[in-house]
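The values are calculated or read from the model by the stated rules, or taken from the named source; none is laboratory data. Source: prediction; values computed, not measured. FYI the Cβ positions are ideal-geometry reconstructions off the backbone, even for glycines, and counts take in every protein chain you see. All accessible areas refer to the heavy atoms of the entire protein, side chains included, with ligands and DNA or RNA removed. Shrake-Rupley method; radii C 1.70, N 1.55, O 1.52, S 1.80 Å.
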Amino acid sequence: QVQLVESGGGLVQAGGSLRLSCAASGSTFSINIIGWYRQTPGKRRELVAAISRGDDTNYADAAQGRFTISRGNAKNTVYLQMNSLKAEDTAVYYCNARTTMSTYWGRGTQVTVSS
């Protein structure tokens, strides 16, 4: 089992920055990929960025060049640094962890960007 807890969301003005954190606990040795997804009402949850066990990263087009996913020194925390935020980045952001057998989700953190 893997537990994920997100933090760092909030209200920010357009053009500002936020850093989201995802703290993983439990069987973290089994995690292959950790990613950030986001969802707005009425829409599907979409990938924002992901980082693999080997630190390969992948970004959605909307995040490329503005967001950076990284690991903390303890390796069990993954960050999403979001710069140059836009109103359309407003969403609930979820942390996701994938193992060989399962997928885990955190409860999400709200990001609201005011224009």
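Brief remarks on what is shown
- Options Arg53, Arg38, Arg44; residue that is basic (Lys, Arg), surrounded by fewer than 17 Cβ atoms within 10 Å (Cβ to Cβ) and modelled with pLDDT of 95 or more: Arg44
- Residue in the stretch 8-21 that is over 24 Å from Val113 (Cβ atoms), small (Gly, Ala, Ser) and outside any strand (DSSP E or B) present: no
- Looking across the stretch 56-71, the residues that are part of a loop (DSSP other than H, G, I, E, B) and either open to solvent by 80 Å² or more (accessible area, probe 1.4 Å) or within 17 Å of Ser17 (Cβ to Cβ) (or both) come down to Asp56, Asp61, Ala62, Ala63, Gln64, Gly65, Arg66.
- Qualifying residues in the stretch 72-115 (those that are in contact with a helix residue (DSSP H, G or I) (Cβ under 9 Å, 6 or more places away or on another chain), assigned to a loop (DSSP other than H, G, I, E, B) and open to solvent by less than 50 Å² (accessible area, probe 1.4 Å)) - the one nearest to Ser17 (Cα to Cα): Thr99
- Selection status of Gly16, open to solvent by less than 50 Å² (accessible area, probe 1.4 Å) and over 15 Å from the mean Cα position of the chain (by Cα): yes
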